[in-house]
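I have placed the structure first, in the form of structure tokens, so that the comments after it can refer back to it.
The values are calculated or read from the model by the stated rules, or taken from the named source; none is laboratory data. Remember, predicted model here, so these are calculated numbers, not experimental data. For neighbour counting, all protein chains shown are included, and Cβ atoms are generated from backbone atoms with ideal geometry for every residue, glycine included.
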Amino acid sequence: MVKITSRFIRVGLVAAMLGFSGCRSEPQKRTTPEAGASESKDQRAAPTDVGLSVLKSDVKTFGETADGRQVRLYSLQNANGLKADIMTYGAIVVSLQTPDRDGRMDDIVLGYDNLQDYIKNSPYFGAIVGRYGNRIAKGKFTLDGAEYTLATNNNANHLHGGVKGFDKVVWGDDPVWKDDAVGVKLSYLSKDGEEGYPGNLKATVTYLLTNKNELRIEYEATTDKATPVNLTHHGYFNLAGAESDILGHVLMLNADRFTPVDEGLIPTGELTPVKGTPMDFLKPTPIGARINETYEQLKFGGGYDHNWVLNKRGKGMTLAARVYEPTTGRVMEIRTMEPGIQFYSGNFLDGTITGKEGKVYKHRWGFCVETQHYPDSPNKPDFPSTILRPGEKYETVTTYRFSTK
Ligand code: GLA
């Protein structure tokens, strides 16, 4: 039975009936799974019979983990009809629907239809990765004179937070309503020693779907011991709706330099100019135009799987990337406070994964653009620091803005 179970949904419904464009409320705090919530299985309570021009939020149970934790799925909709489904397992964006140039909506991110497939086998589809996005060489670093050993899960290296990173835990959740955005604030306490990291890290990630057609991600964290932190979003995008590979997408990266890697994809420490190489995306270029060129870095990555050094002025938001998909006209612009962006061309996708709606994800069927600090920064003193200390606050924002041309 459909029943309204929380005040934030009611507020959405009232706003919808009154024809508001957005609404403000102090929503009821939801109990987190960690606190042992007991809620009715079916929490679906969408104001289904109302038109657009209102923000909407709806929450339902998406499934349960093996240890009995309930996983919830938030369905957000902005005033223009863009939709984002976000679940509490892995803080994963399960689907993201945006219009093409003719107004036809499609889901532009890769993933699965159900929780169990995400748990069984996911190459970080749509997740928040942490405590440290990308690699730390040999899973080791020294901080304030002490050596730390992290879980290794990528040959000898540590990748995306280790064996059980932030993409594989159930986050607490609170709905968020703003005048021009609707969202969910997800929280996770990463305990001292988890995957080898020092300090209890309290992390929150707030996803907002704004009426400017942005998916805005606000990251925050505090710690009680010095620790590296590098959170990012690992969405796999295909702006044509995962009907073909992403090689025809036209990419611009606002970066004069990148961080070259060794065979294990660990940065050498250099910042190399992109000029005259297939890494140059200053001028918008199809992803596939040079991907098969003989160039050592492309060989190491099996395609693009590198960090670009963003051209930045100060610490504010900078345009990092723009991607245009010519057949649908969809455009995605990424702005960030971070100094780098990992552009990964989906090289490990090989047709063995069948995702949403039975679609088979073949080689390079999706790409990732992960805003971040540079890989292996804890071992690279010349890279911008990723160390968060007690009393400091980790705060960073990235936005993905959708339009058409
Ligand atoms: C990142 C890494 C890649 C790969 C993907 C997920 O982009 O750099 O090597 O791990 O995530 O498969």
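Restricting region 374-405 to residues that are in contact with a Gly (Cβ under 6 Å, 6 or more places away or on another chain) and more than 23 Å from M105 (Cβ to Cβ), the residue that is surrounded by the most Cβ atoms within 10 Å (Cβ to Cβ) is Y374. Every test in (1) touching a strand residue (DSSP E or B) at 6+ places or on another chain (Cβ under 6 Å); (2) buried (at least 18 other Cβ atoms within 10 Å of the Cβ) is passed by T149 save one, and that test is (2).
Residue count for region 335-361 under the criterion of being within 15 Å of the ligand (Cβ to nearest atom), buried (at least 16 other Cβ atoms within 10 Å of the Cβ) and more than 24 Å from K225 (Cβ to Cβ): the result is 12. Residue pairs whose Cβ atoms lie under 7 Å apart, sitting 6 or more positions apart in sequence or on different chains, and linking a residue in region 292-308 that is hydroxyl-bearing (S, T, Y) and more than 10 Å from the ligand (Cβ to nearest atom) to a partner that is at pLDDT 95 or above and not in a strand (DSSP E or B), are Y295/T277; Y295/P278. Only one of the listed residues (G269, G264, G316, G248) is in a loop (DSSP other than H, G, I, E, B), free of Cβ contacts under 8 Å to residues at least 60 places away in the same chain, surrounded by fewer than 19 Cβ atoms within 10 Å (Cβ to Cβ) and not hydroxyl-bearing (S, T, Y). That residue is G316.
Rundown of residues vs (1) surrounded by fewer than 17 Cβ atoms within 10 Å (Cβ to Cβ); (2) more than 16 Å from the ligand (Cβ to nearest atom), yes/no style:
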residue	(1), (2)
I86	no, yes
V94	no, yes
D106	no, yes
F125	no, no
N155	yes, no
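The listed residues are A221, A226, A242, and the only one of them that is at positive phi and in contact (Cβ under 8 Å) with a residue 60 or more places away in the chain turns out to be A242. Checked against (1) touching a helix residue (DSSP H, G or I) at 6+ places or on another chain (Cβ under 6 Å); (2) within 14 Å of the ligand (Cβ to nearest atom), G366 passes all but a single condition, namely (1). Assess whether D106 counts as being in contact with an Asp or Glu (Cβ under 8 Å, 6 or more places away or on another chain) and assigned to a loop (DSSP other than H, G, I, E, B). Criteria not met by D106.
Conditions tested, residue by residue: (1) polar (S, T, N, Q); (2) at pLDDT 95 or above; (3) under 14 Å from Y207 (Cβ atoms); (4) part of a strand (DSSP E or B).
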position: Q43; (1), (2), (3), (4): yes, no, no, no
position: L52; (1), (2), (3), (4): no, no, no, no
position: D58; (1), (2), (3), (4): no, yes, no, yes
position: F62; (1), (2), (3), (4): no, yes, no, yes
position: S75; (1), (2), (3), (4): yes, yes, yes, yes
position: A79; (1), (2), (3), (4): no, yes, no, no
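Conditions tested, residue by residue: (1) among the β-branched types (V, I, T); (2) within 16 Å of the ligand (Cβ to nearest atom).
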residue: L143; (1), (2): no, no
residue: E147; (1), (2): no, no
residue: F166; (1), (2): no, yes
residue: V170; (1), (2): yes, no
residue: V184; (1), (2): yes, no
residue: K191; (1), (2): no, no
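In region 339-352, the residues that are on the phi > 0 side of the Ramachandran plot form Cβ pairs under 7 Å with partners that are within 11 Å of the ligand (Cβ to nearest atom), at six or more places apart or across chains, as follows: G346/Y236; G346/G366; G346/F367.
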